[in-house]
1. So, in the range A:54-89, exactly how many residues are farther than 25 Å from A:A39 by Cα and in a helix (DSSP H, G or I)?
2. With respect to A:K456, determine if the residue is basic (K, R) and more than 8 Å from RNA strand B (Cβ to nearest atom).
3. Could you pull out the residue among A:I353, A:I368 that is farther than 24 Å from A:S286 by Cα and of a type in the set (A, V, I, L, M)?
4. Considering only residues that are in contact (Cβ under 8 Å) with a residue 24 or more places away in the chain, in a helix (DSSP H, G or I) and not aromatic (F, W, Y), which ones fall in the range A:200-220?
5. Going through the range A:253-281 one residue at a time, which ones are without any contact (Cβ under 8 Å) to a residue 24 or more places away in the chain, of a type outside the set (K, R) and closer than 27 Å to A:F165 by Cα?
6. Residue check, A:G285 against (1) surrounded by fewer than 17 Cβ atoms within 10 Å (Cβ to Cβ); (2) within 25 Å of A:L155 (Cβ to Cβ); (3) not β-branched (V, I, T), all met but one. Which one?
7. Anything in the range A:59-85 that is of a type outside the set (G, A, S), touching a strand residue (DSSP E or B) at 6+ places or on another chain (Cβ under 9 Å) and within 30 Å of A:L512 (Cα to Cα)? List them, or say none.
8. If you take the residues in the range A:221-270 that are buried (at least 17 other Cβ atoms within 10 Å of the Cβ) and not in a helix (DSSP H, G or I), which one is modelled with the lowest pLDDT?
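The values are calculated or read from the model by the stated rules, or taken from the named source; none is laboratory data. Computed from a predicted model, the values in this text were never measured in an experiment. Using ideal geometry, Cβ is built from the backbone for each residue, glycine included, and neighbour counts are taken over all protein chains shown.
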Amino acid sequence: MTLWSGVIHGGFKPHGTDPMNVFADIRTLVMSCLDTLEAAGTLPGGLNRSAITVEPPRDAAHGDMATNAAMVLAKPAKMNPRAIAESLAVELAKDDRITVAEVAGPGFLNMRLADGVWAGVVKAALTDPGYGRSTLGQNKKMMVEYVSANPTGPLHVGHTRGAVFGDALASLLDYAGYDVTREYYINDGGAQVDVLARSVYLRYLEAHGQEVAFEDGTYPGDYLIPVGEALKDKVGDAYVGKGEQFWLEDVRDYATEAMMDMIRDDLASLGIRMDNFYSEKGLYGSGRIEDAIQTLDQKGLIYRGTLEPPKGKLPEDWEPREQTLFKSTEYGDDVDRPVQKSDGAWTYFAPDIAYHYDKVERGFDALIDVFGADHGGYVKRMKAAVAALSDEKVPLDIKLTQLVKLYKNGEPFKMSKRAGTFVTLRDVVDQVGSDVTRFHMLTRKNDAPLDFDFDKVTEQSKDNPVFYVQYAHARINSVLRKAEVPVDDATLAGADLSLAAHEAELKVAKTLAEWPRLVEIAAKGHEPHRIAFYLYDLASDFHGLWNRGNDDTSLRFLQEGDKATTQAKIALIRAVQVVLASGLGILGVTPAEEMR
RNA sequence: GGUCCGUUAGCUCAGCUGGAUAGAGCGCUGCCCUCCGAAGGCAGAGGCCAGAGGUUCGAAUCCUCUACGGACCGCCA
């Protein structure tokens, strides 16, 4: 165990590209051992190594790290996998970091790592504020477009999930080394904002004391009452009794701006700040739509044609009409899509194409759109458009967030827009808070439906992952407060961690070691929920260690009269706290200082 | 008719992009508090990974078909 400090200070990073990422380190080591074997003629050269993985075995009894290198290389090398593994094991064992390397099963190579490796992890977490950050993104420009709700009313629960997901994804990508832009596309160019304007106009008349009726096709929600009143304050009775041609445009702009203010406030209540709001309306008359369509036309992807009627349920008023179509089938779509209606006006799709063309022209290396599940039918055509416009150079990933099912006391909670009983983002945040909302919405992967029970999510018990993770952070805080030794990170980083090398303590350090790798996996897959699950695991390891202190006092963090041991143990849990805080930061959740 | 998503323990869900004996929480069963630390802890039972083929050293994971559930399906936004 004297390895502990000696090995660390002895310089532990000759091979690694990233000295903090144990997995990357060992992978690099495996590669260099393979080089050695090649040089010695034991292995033929030029083998494709891309399928080689280095990961922790599912069963910890197999060791700390395993590689499939021998099995992957066996066939192309025309050698017995076990023979390759044996030679590789010998090479690996020469490295300080590997204490045991043994062949198992069909040719797995299991490694056990020196305790000093794990001590290095703890130390890295304490000394490097960026522990876990990755250079995976290479500073590539990445856009995450999310929310993008129509500016016709407050955000509701469905939007909330998309908002939280998109925001956490953006933070995750930022953490993984991308240059991220968060953007909201304002659908202020279509007929729905005219409907909004007419609805606000009615409220405006109401503010002037008139009786009004909300017919079908208007928005009856109360949230427009203050907008109507504010409009009255602004223009007085100038629009009373006038036809639409006098007020529609002005009221529309006014109302849209009011809605966007409201939406911005809604987002702010969840701690979400967009870098940019992009207006659909601004595309009209700017020539940008024409540009985009013309670009497609030049690639031979635009034509006049008539679509087949949709199969299955045929709309009653269906009749074949000639439209301007985008040949999206060239890029994997099922049918070509109209960009112009039969009357020559743009379809909704056209400005969307222009908007995405704009993203490409702004130089983004990759695009992500976060849509609600009801836009699923839109995915293929949007991908086709971006592929065509960027000559397949800019990848577009579209993440769909599934429905949120609301519960109250275990009872399903019915929403009805008609009856005005739909639940808004604000309702949710006001009731359970931003932190709980955000964390809980990330405890499910985006493409699975999510249950949200107003009572359960605020429950203070270990059944509630939000609480469980927060509690771990707070508990560590409480230990730090009670400690009678210096607990600043610099001092802790100098602790002799061989004093905290019990198997249960090493387990915690090993989980900490997975953090950088997990960040990369989550970032590559655009899956922020992995962060939430990891944090739960880490919290679980920590609580488990804490609980063992009940029976085994030598595992308690504060060891009376033994400063050095106390410091080592605190170093370990402080490292846990650092990682918890980083992870919660990505999710946009405030780490709790104490539980109340 | 088509497209997309889902299907893993009684329930709610993970499963690191193809690895070894498939995991967690709840629920269930059985033990354990004069404790800095029971808003619990430990242990156990519980599985044909929807089904059938295929790909290969190896499949819950990839491909094809089938079944069930959900979302969507000219000019609405």
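1. The number of residues fulfilling the criteria is 3.
2. Yes: the conditions hold for A:K456.
3. Matching residue, one of A:I353, A:I368: A:I368.
4. Of everything in the range A:200-220, those that are in contact (Cβ under 8 Å) with a residue 24 or more places away in the chain, in a helix (DSSP H, G or I) and not aromatic (F, W, Y) turn out to be A:V200, A:L202, A:R203, A:L205, A:A207.
5. Taking the range A:253-281 as the starting set, the residues that turn out to be without any contact (Cβ under 8 Å) to a residue 24 or more places away in the chain are A:253, A:257, A:261, A:264-265, A:268.
Checking which are of a type outside the set (K, R) leaves us with A:253, A:257, A:261, A:265, A:268.
Scanning the range A:253-281 gives A:E257, A:D261, A:D265, A:A268.
6. Failing condition for A:G285: (2).
7. Once the filter is applied, which keeps residues that are of a type outside the set (G, A, S), touching a strand residue (DSSP E or B) at 6+ places or on another chain (Cβ under 9 Å) and within 30 Å of A:L512 (Cα to Cα), the range A:59-85 yields A:H62, A:D64, A:M65, A:T67, A:N68, A:M71.
8. By that ranking, first place goes to A:G221.
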